[in-house]
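Notes to accompany the following structure.
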Protein chains: 2
Amino acid sequence: MTLILSNEDIERILTMEDLVPVLEEAYVELAEGRGGNRVRSDIVTPTTFREDGLYALKSMDGVIPKFGVGAVRINSDILTFPRTDGQMRRVKAPAAPGERYVGLVLLFSTHNGEPLMICPDGVMQRMRVGGTNAVAARHMARQDAHVAAILGSGWQAGAQLLGLEAVRPLDDIRVYSPRKASREVFAQEMSAALGKTVRPCATAAEACAGADLVACATNATGPVFFREHVAAGMHVGGIRPGASEIDRAAWPDIDLFALLDHDDNAQIVHTHGVRLGEEQDGGMYGMPHDEFHAAMATLPEIVTGRREGRRSDGQVTCFLNNLGMGYQFAATGYLVHRKAKAAGLGHELPTDWFTETVHP
Amino acid sequence: MTLILSNEDIERILTMEDLVPVLEEAYVELAEGRGGNRVRSDIVTPTTFREDGLYALKSMDGVIPKFGVGAVRINSDILTFPRTDGQMRRVKAPAAPGERYVGLVLLFSTHNGEPLMICPDGVMQRMRVGGTNAVAARHMARQDAHVAAILGSGWQAGAQLLGLEAVRPLDDIRVYSPRKASREVFAQEMSAALGKTVRPCATAAEACAGADLVACATNATGPVFFREHVAAGMHVGGIRPGASEIDRAAWPDIDLFALLDHDDNAQIVHTHGVRLGEEQDGGMYGMPHDEFHAAMATLPEIVTGRREGRRSDGQVTCFLNNLGMGYQFAATGYLVHRKAKAAGLGHELPTDWFTETVHP
C-alpha cells in the first residue's frame, strides 16, 4: 500500500527530538558520499492566474541508501511579486482549489523501488529547516548554551525554537519581531508548546542581550542581526539563502561560518524570457560567490569532523542554512513514514495505482 | 479532483492521430522559448535487492504554458546489468510488489498550480517516443513515402509503426527481427491493429529493400541499420541514445541528420562510487560529443523552419531520438488528461490530499 498523509498527520508524529538525529545521520551519509542529492531545479513560465505573476515548477531529489529511501519534492507554485517599502518580495499565491498551495513529497524504497508515501511538503519543509539549524547548533554552539533569542515570529520561527530546544536545555527564551501582537502571540503559543516561558522583547537588542543562541527566522529581505548584537561565545543561525540576515558589518566579528552546502545554485529554466525577482548577477552574498564559498565550512564537514568546529567558548559561530535539499525530504520522509505506519495514520491506496507491469 | 489513471485507461484514449500534432505544437513552443524542459537527472545508489544491482531515482520536468500544464516524470528503478554475448545490458527489474515497475507522471496546472493527474508512465513513454519519431518523419520523409520497414518487434516497435501510419498513408509494411516467432507475432498483431498487412521478413535487407521509411526499434546494443540498406530518398529513424543503431559506415550516405535536442547530458549523481554500465567517457557517438552535435540539426529547428529539412526526393534523411524529455510528458499528459476527463476514466481523489493550507 502507498500511504497518503496530510500535514495534520505529519504534525502529530514528527518531533524535533526524533528528527535531529535522523538529519544528522543523513548529513554524515552525504558527506561520506553514500547519500545523493540532486540540486533544486525550477522551470519558470507565465501563468494565466495573474498577468504579473509567474508559474514555477520546482523539483529536488535525494536518496539515502542507509535509510532505504529516495524522495522527490515537487512545488507547483503561482508566484507573485508585491512591493513593500520599495522592496520586491516573492510571495506564493494559494491559487489551487480551496485557496491552497501545492507542494508534494513522494517517497520511494531503494530496496524494491516501490512508492511508499505521497504527502504535502509544508510541515516537513518547516521541520527540516528547524532540524538542520538544530544539527548546526548542536555541533557549533557552546555546550553550556541555555539562553536563546528568536528573531521572527512566523511559521519558521517556531521550528527554529523547537530545534534549539531539542539540542540544548534552554531556560531563558526570548522572541523579537517588529509587530507587538505577533511576538506576543508567538510567545504565548510557544510557551504553551514547550511548557517554558517564552518572553516577547520590544527590540532585537533586548532579545539578543546575553543570548548564547540566536535564530534568525523572518520574512524581512534585509539584515535582522547586527554587529551590536554580537557577543563572545554566541552562535547565530540563519535560514535565508544569500546570508542576507546577518548584516555585513557583523561578519568580521564571527570566527566560524558554516553553510549547509556549497552547491546552492538552483538550475533555473526560463521561458518567455521571464526572470524571478530575486535572481541577480553576483552580489547575492554581498561578495563574489566563489569568494564567499571559499570562506565557508559546511555543516556535513563539521559533523564528520573534517573541518574544525568551535575552538573555544569565546568564539562566535554562525550557520547559514543556504539551500533546500531534496535529500532532507528523504531523511524526514523516512522518519514520517515509519512513524505513520506505526501509528496507523493516513489513507492507504493500492500500490498498483502507482506502479505498472509495463517496462517504462 | 485529482485524476488517477492506469496504463490501461491511457491505452484506451491515447492515439497517435491525436498525439502527433500535440507533440509537434509542443516542440514549436520549445523552439520558440515558450516551453521549458529540465533535463533528466539520476541519483544512483546501491540497493539491497541484489548485490550486483543498483537503485536509480530518475526525474525530468517540463512546462508548456500554451497547454496550461507542467509535468514531472519520476522513475524509481532497480537496475541489473546482465551480460549477453559479452555485451552488458541495463535491464530494469520489476521489483515492486506484484513484480511491477515504478514510473510515474504527475501533471500540474500552470493556471492555478493544482495537481491534475497522477499516472504510470509506461504507455505515455512509448507513445511519446513513437510520436516524436512520427513528427520527424512528417517533416523529414518524402511526401509520397508509403513503404515502411520496422526493425525490431518489441514494445517500442509497435509505437514506431503507429507513428509512421499517422503521418504517411502506408500501403506496404514490413517487419524484421532476428527471432522468427517474434516478428510473426508482431506482424499478426499489428496487421489486426491497423487493418493492413504487416509482412514479416527474414532479413533486415529484405525489409529495407524499397522502403521509404525505416524505423529502428530494437533492444540490440550494436547497429541494426547498415550501409547496404541505404537507398536514395529514404528516411531512417532511431530511438536509442548515442546513435548506435545506425552503423557508422552508413553515415556518409546520409544527407541530413537531426536530433531531438543537443542537451542530452543527463545529470547523474553517484553515491558509493557506483557507475552505470553505459556511462563511458567519450565515444558514445563513435566520435567526440561536440563534433557529433555540430553536425546535427534538431527536430524543433526543422519543425519551425529555422534549419532546412529535406531538399529533394533523392536525399537520405535520418532522425535520432537522442533523449527523453520531461517536456514530452507534459504534452502527452495534457492530451491524456483532457481525453480521460471527457471519457470519465480513472479514479478521482480529492485534490486536498495533494495540496495544503501551509505556505511551503
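Does the range B:323-333 contain at least one residue that is of a type in the set (A, V, I, L, M), without any contact (Cβ under 8 Å) to a residue 24 or more places away in the chain and in a loop (DSSP other than H, G, I, E, B)? Quick ask: steps written out before the conclusion?
Quick first cut of the range B:323-333, residues of a type in the set (A, V, I, L, M) only: B:323, B:325, B:330-331.
Of the ones still in play, those that are also without any contact (Cβ under 8 Å) to a residue 24 or more places away in the chain are none.
Scanning the range B:323-333, I find no residue that is of a type in the set (A, V, I, L, M), without any contact (Cβ under 8 Å) to a residue 24 or more places away in the chain and in a loop (DSSP other than H, G, I, E, B), so the answer is no.
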Review point. Restricted to the range A:33-56, and to residues that are facing another protein chain (nearest Cβ under 9 Å) and part of a loop (DSSP other than H, G, I, E, B), which residue is nearest to A:Gly333 (Cα to Cα)?
Key: A:Gly35
Exercise for review: Take the residues in the range B:227-266 that are under 16 Å from the mean Cα position of the chain (by Cα) and of a type in the set (Asp, Glu), then tell me which one is surrounded by the fewest Cβ atoms within 10 Å (Cβ to Cβ).
Suggested key: B:Asp263
Exercise for review: Please name all residue pairs, on different chains or six or more residues apart, with Cβ atoms under 6 Å, provided the first residue is in the range B:339-356 and is free of Cβ contacts under 8 Å to residues at least 40 places away in the same chain and facing chain A (nearest Cβ under 7 Å) and the second residue is surrounded by 15 or more Cβ atoms within 10 Å (Cβ to Cβ) and not in a strand (DSSP E or B).
Suggested key: B:Glu356/A:Asn7; B:Glu356/A:Gly122
Practice item. Quickly run through the range B:97-126 and pick out the residues that are more than 7 Å from every other protein chain (Cβ to nearest Cβ) and among the hydroxyl-bearing types (Ser, Thr, Tyr). Key: B:Ser109
Study note, to complete from the structure: A:Asp18 meets each of (1) within 9 Å of another protein chain (Cβ to nearest Cβ); (2) surrounded by fewer than 23 Cβ atoms within 10 Å (Cβ to Cβ) with one exception, condition (1)
Study note, to complete from the structure: Of the listed residues (B:Glu184, B:Glu165, B:Glu189, B:Glu206), the one being touching a Leu at 6+ places or on another chain (Cβ under 8 Å) and either assigned by TED's automatic domain parsing to the domain that holds B:Thr15 or part of a helix (DSSP H, G or I) (or both) is B:Glu165
**Study point:** Positions within the range B:37-62 being farther than 21 Å from A:Glu29 by Cβ, of a type outside the set (Val, Ile, Thr) and touching a residue at least 60 places away in the same chain (Cβ under 8 Å), in sequence order
**Key:** B:Asn37, B:Arg38, B:Arg40, B:Met60, B:Asp61, B:Gly62
Review point. Take the residues of the range A:275-322 that are of a type in the set (Gly, Ala, Ser) and in contact with a His (Cβ under 8 Å, 6 or more places away or on another chain): which is modelled with the highest pLDDT?
Key: A:Gly309
Review point. Of all the residues that make up the range B:127-148, how many are crowded, with 23+ Cβ neighbours inside 10 Å, within 14 Å of another protein chain (Cβ to nearest Cβ) and either out of contact with any Leu (no Cβ under 6 Å at 6 or more places or on another chain) or free of Cβ contacts under 8 Å to residues at least 60 places away in the same chain (or both)?
Key: 1
Check your understanding: If you check A:Met88 against the conditions, is it touching a helix residue (DSSP H, G or I) at 6+ places or on another chain (Cβ under 7 Å) and more than 7 Å from every other protein chain (Cβ to nearest Cβ)?
Key -> no
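Pick out the one residue from A:Leu151, A:Leu194 that is surrounded by fewer than 20 Cβ atoms within 10 Å (Cβ to Cβ) and under 21 Å from the mean Cα position of the chain (by Cα).
On the way: A:Leu151 fails: surrounded by fewer than 20 Cβ atoms within 10 Å (Cβ to Cβ).
Just one listed residue meets the conditions, A:Leu194.
Going through A:Lys92, A:Lys58 one at a time, which residue ends up being at pLDDT below 95, within 22 Å of B:Ala71 (Cα to Cα) and basic (Lys, Arg)? So that I can check it myself, show each step before the final result.
Values: A:Lys58 fails: at pLDDT below 95.
Residue meeting the stated conditions: A:Lys92.
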Exercise for review: Return yes when A:Tyr101 is touching a residue at least 24 places away in the same chain (Cβ under 8 Å) and either closer than 24 Å to A:Thr221 by Cα or charged (D, E, K, R) (or both) and no when it is not.
Suggested key: yes
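Specify which of the listed residues (B:His262, B:His272) is more than 14 Å from chain A (Cβ to nearest Cβ), in contact with a Ser or Thr (Cβ under 7 Å, 6 or more places away or on another chain), at pLDDT below 90 and assigned to a loop (DSSP other than H, G, I, E, B).
Numbers: B:His272 fails: more than 14 Å from chain A (Cβ to nearest Cβ).
Going through B:His262, B:His272 in turn, just one is more than 14 Å from chain A (Cβ to nearest Cβ), in contact with a Ser or Thr (Cβ under 7 Å, 6 or more places away or on another chain), at pLDDT below 90 and assigned to a loop (DSSP other than H, G, I, E, B): B:His262.
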Practice item. Could you please let me know if B:Gly103 is small (Gly, Ala, Ser), in contact with a Gly (Cβ under 8 Å, 6 or more places away or on another chain), surrounded by 24 or more Cβ atoms within 10 Å (Cβ to Cβ) and farther than 30 Å from B:Ala211 by Cβ? Key: yes
Review point. Among the residues of the range A:49-58, is any in contact with a strand residue (DSSP E or B) (Cβ under 8 Å, 6 or more places away or on another chain), in the same structural domain as A:Arg90 (by TED's automatic domain parsing) and under 12 Å from A:Gly326 (Cα atoms)?
Key: yes
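The values are calculated or read from the model by the stated rules, or taken from the named source; none is laboratory data. These numbers come from a predicted model, not from an experiment. Cβ coordinates were reconstructed from backbone atoms using ideal geometry, including for glycine residues, and neighbour counts include every protein chain displayed.
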